[in-house]
Amino acid sequence: MSETETEDPINDKPMPLLDHLIELRRRLLWSGVAFLIAFLVCYHFSAWIYAFLAEPLAQALKGQGQANTELIFTQLYEAFFTYLKVAMFGALFLSFPVLATQLWLFVAPGLYRSEKRAMLPFLIATPILFLMGAALAYYFVFPYAWHFFLSFQSPTGGGGIPIVAMPRVSEYLDLVMKLILAFGVAFELPVGLSLLAKVGIVSSKSLKRYRRYAYVGMFVIAAVLAPPDVFTQTGLAVPLVLLYESSIIAARIVEPKVEDDEDDEDEDTGEATT
């Protein structure tokens, strides 16, 4: 055993493919059980979760002077399936710590101690950044976006026909869940770029070099993921730009110091030649 392996041990043991598949099945089973329990709990509280997700729209409707703050459904089974989606959405959040733990238990035995320490900040940052993105969508973007869309209502309308918003429960909640997930995943940008920098695929210099193209890409992504209004798209694009800048700083911290190592090697070679 080499000195490096002694100082930086690995807990992995040689296992045949069948044993790896059995271990994977065990982790998937625990993850499935955790998600099922979380789903049952969330379905029991699905009405409360629905009320929480619908609160920004209710406040926007009240801000428009509407006393009627209700969502409609036009198919008999629509409300039932909506509650199922709400329960699955809540179960995903509730069971995420267990799912992440099972994934870590499956991967960790194959990592060296230094690799485990290097992965710890990313594991901590991932849920925090996701929640920050979801909170930004819920508390900042939704109120302005819903107010913008509802401003197109007209008591008289064209030709004296009123234009009144009557949002469907399934369409509204699909939009809300899509935006929350989109903002949450988008906020994982520093984690993804930092990991790429850690393994040497990208560098802080390359991220700076392509900064202008990245900015354009951020607004394109916001235009695709967000509804077609300037408030929501800007509310997603601007944080992405800020996260990209923070990714450059994080990449500079975690990237391998290749140039320094090469300079040291050149100096040692020069001294030996002299």
Exercise for review: Using R₀ = 22 Å, calculate the FRET efficiency as 1/(1 + (r/R₀)^6) where r is the Cβ-Cβ separation of L17 and F106; round to 0.05.
Suggested key: 0.95
Point to revise | Size of charge dipole - the stretch 70-207 - debye, nearest 20, with Cβ of Lys, Arg +1 and Asp, Glu -1, no other charges | key: 640 debye
Review point. What are the semi-axes of the equivalent ellipsoid for the stretch 58-209, taken as the square roots of 5 times the Cα gyration tensor eigenvalues, largest first, in whole Å?
Key: 43, 20, 11
Revision key, fill the gap. With the stretch 156-239 reduced to its Cα atoms and the Debye formula applied, log10 I(q)/I(0) at q = 0.16, 0.25, 0.26 1/Å amounts to -0.77, -1.19, -1.23
Exercise for review: Obtain the radius of gyration and the Kirkwood radius of the stretch 21-62 from its C-alpha atoms and give Rg over Rh.
Suggested key: 1.35
**Study point:** Whole-Å semi-axes of the ellipsoid equivalent to the stretch 53-142 (Cα gyration tensor, √5λ, descending)
**Key:** 40, 19, 6
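The numbers here are math on the coordinates, done by the rules we state, and not lab data. Here the structure is a predicted model, which means the values were calculated and not measured. In this analysis, Cβ positions are derived from the backbone assuming ideal geometry, glycine residues included, and neighbour counts consider all displayed protein chains.
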